[in-house]
Structure formats: C-alpha cells, structure tokens
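In what follows, a single structure is set out as structure tokens and then discussed.
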Amino acid sequence: MDYKVRDLSLAKEGESLIKWAEQNMPVLMDIRKDFEKDKPLEGIKIACCLHVTKETAVLIKTLLAGGANISLAGSNPLSTNDAIAAYLASIGVRVYAWKGNHDDYYWCIEKALEIEPNITMDDGGDLVTTLHTKKQNLIRNIIGGTEETTTGVKRHRVMEREGILKFPIIAVNDAFTKYLFDNRYGTGQSTIDGILRSTSLLIAGKNFVVVGYGWCGKGLAMRARGMGAKVIVCEVDEIKALEAVMDGFNVMPIEEAAKIGDIFVTVTGNKHVIDANSLEKMRDGAILANSGHFDNEINVKWLEENCINKKEVRRNVMQYELKNGKKVYLLAEGRLVNLACAEGHPPEVMDMSFSNQALVAKWLVDNKGKLENKVYKVPEEIDREVARRKLKTMGIKIDRLTEEQKKYLESWKEGT
Ligand SMILES: NC(=O)c1ccc[n+]([C@@H]2O[C@H](COP(=O)([O-])OP(=O)(O)OC[C@H]3O[C@@H](n4cnc5c(N)ncnc54)[C@H](O)[C@@H]3O)[C@@H](O)[C@H]2O)c1
C-alpha cells in the first residue's frame, strides 16, 4: 500500500488518541453502525484533503465502514498529527501527510488524487483547485465534492460565478450544525488552547484583539472575555461591528488596536488584515496569532523582511525584533494556531461537522447525476437529522408543535 507519513511506529499512540475521540463523537459512531450495515459507499473512491487529526480519523474510519476506498492529504503544512497519520497508514489508508510539510504540500494532494476519486472531501479548496488546474483529466469520474470550511466555500463560489466549477460542491461549512458550533465554539476554545499551549501566558487582564467578528471571531471573543481579557474587535462589516459593540466589546480600527493590544488573533479568511502599518505600531512583547484558514492574514513576509533579528524562543513562538527596537512574537508561523499549537477543535463539535460530511457523502451517491456544477447547501433534512441525533446522545428532549400550533403558524387570519 502506498503512503507517506513521518513515522509508522507512532501508530499505537495514534490508535489510542482515536479511541478517545470515538468516545466523544457518538453521532458519527451511530452513523458508522448504519454504514457498516448498509454499505452506502461501496466501491466509491474518496480523495480527502483534511487536517489529519484524531477526529478526522473517526470520519475516515466511518467512510471505510461504509465501503469507501480513501486517500488522504493534509490540508495545512502544520496541522497533521503524525501519530494519527501513522495509524491510518497502518490500516491501509493512502495517507500523504506529516507535520512540517512545507515543501511537498501539493505533491501530497496530487498523490491523494491518484486514487481517481468519485468524491472529493476538501478543507480550504486546495484539492478542488488542483483538480481544476493540474488534474482536469480526473474530473470525469467525479460525482461531487464536499467543503469543510468558510474559505473553501468562498473559493468554490467564485469558481461557480466564473463558470469554471466542473462538479457540484456541497458546502458542509454552511450547515447550521457545522458553523454555529464548529466555527464558534470549536474555534473559540481551541484557539485559546493553542495560544496557551505555546505561550503559557495569562489571558486575564490582557488587551485581546480579535480581527474579524464572523462565526469564529464571535466564539473567540466570547471565550477570551470568559478568561478575563479586555476584548477589542476589529471589523470591516458595519453590521458585524455593531453586533460586537452590542455584545459589549470595544470596536476600533486595527491601526488603533495595534497600539494597545497584547494578543492579536486574526479570523477573517482575508489577506493582510494585520499589515505593515499596524505591525510597526505594536507594543513591545505583542503576541500575534492567526486562526483563519490560510497563513496570509498577518503580513509575515513584512516581518521577515523588516526584522533585524529573528529567533525561536519557545516551540511555535518566533520572536521578531523590529527596526524600532520592539519585539513581537508570532505563533506557528501565522498558520492555524489551534491546529498547529494544540489539537484543533474538540471531538464533541467535530462530531456534528463530520456527521454532516458522512451523510452528505452518502447523499451525493444517492443523487449521482442529478446535480448541476454549483455550490449547494447541505440538505435541510441532513442538518436537522444531525441536530436531532446530537440532542438524543446528550439526553436532551425538546417540545413538539401541537396540531393547533402548526395550523396557526400556517394561517394569516388570526390577529388580536
Ligand atoms: N481555525 C479553525 O479551525 C477554523 C475553523 C473554521 C473556520 N476557519 C477559518 O476561519 C476564517 C473565518 O471563518 P468564519 O466562519 O468566521 O468566517 P465569517 O465569514 O463568518 O467571518 C469573517 C469575518 O471577517 C471579517 N473581515 C474580513 N476582512 C476583514 C478585515 N480586513 N478586517 C476585519 N475584519 C475583516 C468579515 O467582515 C467577517 O465578518 C476562514 O478562513 C475559515 O475558513 C478556521
């Protein structure tokens, strides 16, 4: 079997991490039981480009249980857990991923595509864009793809708009049971986790700047406040900015926040949101991190070119001494801090995100040939099914509409 991982002898360690995740992903484990019985993915080849975490392994094992044949490349140079990659390789998955893979990132994606997929499962869009640019000959086999994150969905929507998208993509990110929990509570908690594991500094009392008040930013601001930080939000969208104000945060432009912030985290999916003019204004000792998909949110190139000195002072913490004599500290090269410095999102939220992935893969097979080359929402019945199953595993019951209420909601005649 073909694979490339850091060290296959880490497989046992990977296995116990995966068992831990499995205990905390009950919905996906239920779906695995259904898949074992019904084999909805029999004979289907799935090429995945995902963060290689313990939770991803639970998804991969579920897809295997459904009969699929899988290949997997990492979706970020620093997000692979080598023990997980080793375990997956040991059970016969074609894995091409290792932590610190800067140079062979696209080679791994191309290797994963050698499976000649029927379905793509992407996180960020690099697999799908590689198919559309370098591997167009493989597109003919494809039923459709799924996309895990906001940045990937944005890229695929642009491809659709420009008329170049060659197969349907289901925006798993946009399911309610994904972004409301994964982006908000997952990123909120795991970003703080990454900052703490890499710096071991106190959050309480710090000026904590969150750049971007979307779903990830909301979760992060909420959790930073919970730990006693004085949270400042920077936004470009007037409605999101207003929300942040009324949620009780200080809102100001990044160049103002730059002068007073102690910790800065970007979560925008946009480029150079912390740029030279802000970096120059920062206090001595400022900490910089990014939790958005790509490493271009902080202008790291400017730091590289304009520092007079650079050294790694702790694992994942790079000190840049600037010409003005101040030192700033960049975590994880400006790459996803929650995955590079911690373990990514907790299994309980990935339970919902990846249940959507598994059910959508089945749905794509069931709807083969019926879809256009567009970006689709996750069907509402899948989204609600995931929510229902999650509540059930949590032992939570909710009310049901009575017949009288259903009729009332569908009528217009009854007023005061
Ligand atoms: N770290 C993770 O594990 C993880 C998880 C989910 C999503 N993501 C990624 O995080 C990023 C954000 O995702 P989201 O779901 O919160 O997106 P979102 O669209 O809900 O929010 C992004 C926000 O950033 C704002 N923004 C854009 N440019 C800005 C600028 N120059 N200055 C200030 N604000 C700006 C937008 O107005 C928007 O409100 C994406 O790249 C996404 O792929 C990462």
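The values are calculated or read from the model by the stated rules, or taken from the named source; none is laboratory data. Just so it is clear, the structure is predicted and the values come from calculations on it, not from any experiment. Cβ atoms come from the backbone with ideal geometry, glycine included; neighbour counts cover every protein chain shown. Quick note on the areas: whole protein, heavy atoms, side chains included, nothing else; ligands and nucleic acids left out. Shrake-Rupley method; radii C 1.70, N 1.55, O 1.52, S 1.80 Å.
Out of the range 22-43, which residues are among the hydrophobic types (A, V, I, L, M, F, W, C) and more than 17 Å from residue 389 (Cβ to Cβ)?
Across the range 22-43, the qualifying residue is only 41.
Yes/no per residue for (1) within 16 Å of residue 122 (Cβ to Cβ); (2) part of a loop (DSSP other than H, G, I, E, B); (3) modelled with pLDDT of 95 or more:
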position	(1), (2), (3)
73	yes, no, yes
83	no, no, yes
86	no, no, yes
89	no, no, yes
98	no, yes, yes
103	no, yes, yes
107	no, no, yes
111	yes, no, yes
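How about the range 1-18: which of its residues are modelled with pLDDT of 95 or more, open to solvent by 50 Å² or more (accessible area, probe 1.4 Å) and part of a loop (DSSP other than H, G, I, E, B)?
Those that are modelled with pLDDT of 95 or more, open to solvent by 50 Å² or more (accessible area, probe 1.4 Å) and part of a loop (DSSP other than H, G, I, E, B): 3, 6, 7.
Restricting attention to the range 283-312, which residues are part of a loop (DSSP other than H, G, I, E, B) and either open to solvent by 60 Å² or more (accessible area, probe 1.4 Å) or within 16 Å of the ligand (Cβ to nearest atom) (or both)?
Those that are part of a loop (DSSP other than H, G, I, E, B) and either open to solvent by 60 Å² or more (accessible area, probe 1.4 Å) or within 16 Å of the ligand (Cβ to nearest atom) (or both): 283, 284, 291, 292, 293, 294, 295, 296, 297, 299.
Among the numbered criteria (1) closer than 23 Å to residue 360 by Cβ; (2) out of contact with any helix residue (DSSP H, G or I) (no Cβ under 6 Å at 6 or more places or on another chain); (3) of a type in the set (A, V, I, L, M, F, W, C), which single criterion is violated by residue 165?
So the condition that residue 165 fails would be (2).
Regarding the range 322-340, can at least one residue be identified that is touching a Lys or Arg at 6+ places or on another chain (Cβ under 6 Å), open to solvent by less than 30 Å² (accessible area, probe 1.4 Å) and on the phi < 0 side of the Ramachandran plot?
So far as the range 322-340 goes, no, none of its residues is touching a Lys or Arg at 6+ places or on another chain (Cβ under 6 Å), open to solvent by less than 30 Å² (accessible area, probe 1.4 Å) and on the phi < 0 side of the Ramachandran plot.
Among all residue pairs at least 6 apart or on different chains, which show Cβ distances below 7 Å where the first residue, located in the range 379-396, is closer than 19 Å to residue 362 by Cα and in contact (Cβ under 8 Å) with a residue 24 or more places away in the chain and the second is open to solvent by less than 80 Å² (accessible area, probe 1.4 Å) and assigned to a loop (DSSP other than H, G, I, E, B)?
383/175
Yes or no: the range 333-347 includes at least one residue that is away from the ligand (no atom under 12 Å from the Cβ), of a type in the set (S, T, N, Q), touching a residue at least 12 places away in the same chain (Cβ under 8 Å) and out of contact with any Leu (no Cβ under 7 Å at 6 or more places or on another chain).
No, every residue in the range 333-347 fails to be away from the ligand (no atom under 12 Å from the Cβ), of a type in the set (S, T, N, Q), touching a residue at least 12 places away in the same chain (Cβ under 8 Å) and out of contact with any Leu (no Cβ under 7 Å at 6 or more places or on another chain).
Quick one: what pairs do we get from the range 302-325, first residue without any contact (Cβ under 8 Å) to a residue 12 or more places away in the chain, second of a type in the set (A, V, I, L, M), C-beta under 7 Å, 6+ apart or different chains?
What qualifies is 310/318; 312/318; 319/313.
For the range 1-43, how many residues are farther than 14 Å from residue 60 by Cα and of a type in the set (Val, Ile, Thr)?
2
Which count do you get for residues in the range 226-259 that are open to solvent by 60 Å² or more (accessible area, probe 1.4 Å), of a type outside the set (D, E, K, R) and in a helix (DSSP H, G or I)?
Looking only at that region, the number is 5.
Filter the range 199-214 down to the residues that are near the ligand (Cβ under 10 Å from one of its atoms) and either over 24 Å from residue 319 (Cα atoms) or part of a loop (DSSP other than H, G, I, E, B) (or both) and list them by number.
212, 213, 214
Quick one: how many residues across the range 46-82 are under 19 Å from residue 104 (Cα atoms) and hydrophobic (A, V, I, L, M, F, W, C)?
Going through the range 46-82 one residue at a time, the tally reaches 8.
Quick test for you: out of 46, 60, pick the one residue that is farther than 23 Å from residue 390 by Cα, open to solvent by less than 50 Å² (accessible area, probe 1.4 Å) and in the same structural domain as residue 151 (by TED's automatic domain parsing).
When all the criteria are applied, what remains is 46.
Does any residue of the range 230-247 turn out to be in contact with a Gly (Cβ under 6 Å, 6 or more places away or on another chain), farther than 30 Å from residue 370 by Cβ and at pLDDT 95 or above?
No.
Just to verify a result, which residue in the range 313-331, among those that are out of contact with any strand residue (DSSP E or B) (no Cβ under 7 Å at 6 or more places or on another chain) and not basic (Lys, Arg), is nearest to the ligand (Cβ to nearest atom)?
Within the range 313-331, the match that is nearest to the ligand (Cβ to nearest atom) is 324.
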